[in-house]
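Asker: Structure below; questions to follow.
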Amino acid sequence: MAESKLREPSMEFSVDIINLVKFLKSNHESVIANQIGRSGTSIGVNIHEAQYAQGKKDFISKLEIALKEANETGYWLELLHRTNYIDTQHGPSRTPVPTNC
C-alpha cells in the first residue's frame, strides 16, 4: 500500500492543535479548547484510518468524516481569531499563533 500524502501533514496539524489546546487551557479557555482538540485531532485519525479501509466505500467515508472535522476546526479557529485568542499575522504557520506570544 502506498504511503498517504495526507498522513504526515495531518499529524503535524494535530501536534499544532494540541499545542494550541495547551495554550488555551493555560489561559483558562477550556470549552473551546476541548472542542477544537477533538475536531482538530480527529482529522488525522480519520485520514490514518482511511489508509486501512475495508473497501472503497469505507475509504470515502473516512475521508468525508475528516473533511467535516476540518470544517468544524476551521470554525473554531475563526472564532478564536475573532475573539483575539489567536493572531494570524505573525507569519506562516499551519495554525494561528496565540496573541500573547
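Nothing in this text is a laboratory measurement; each read-out follows from the coordinates by a stated rule. From a predicted model like this one, the values you see are computed outputs, not experimental measurements. Reconstructed Cβ throughout: ideal geometry from the backbone, glycine too, with neighbour counts over all protein chains shown.
Asker: Given +1 on the Cβ of Lys and Arg, -1 on the Cβ of Asp and Glu, and no further charges, what dipole in debye does the stretch 7-98 carry about its Cα centre, rounded to the nearest 20?
Answerer: So the magnitude is around 140 debye.
Asker: Give the lysines whose C-alpha is closer than 16 Å to that of Lys62, dropping any in the same chain fewer than 8 places away, or say none.
Answerer: Lys5
Asker: Note down the net charge around Asn84, summing +1 for each Lys or Arg and -1 for each Asp or Glu among other residues with Cβ under 13 Å from its Cβ. Please list the in-between numbers first.
Answerer: Details: positive: Arg82; negative: Glu29, Glu78, Asp87.
Its environment carries a net charge of -2.
Asker: Quick one: net charge of His48's neighbours, Cβ under 12 Å, K/R +1, D/E -1?
Answerer: -1
Asker: How big, on average over all directions, is the shadow cast by the Cα convex hull of the stretch 7-98, in nm²?
Answerer: So the Cα hull casts an average projection of 5.8 nm².
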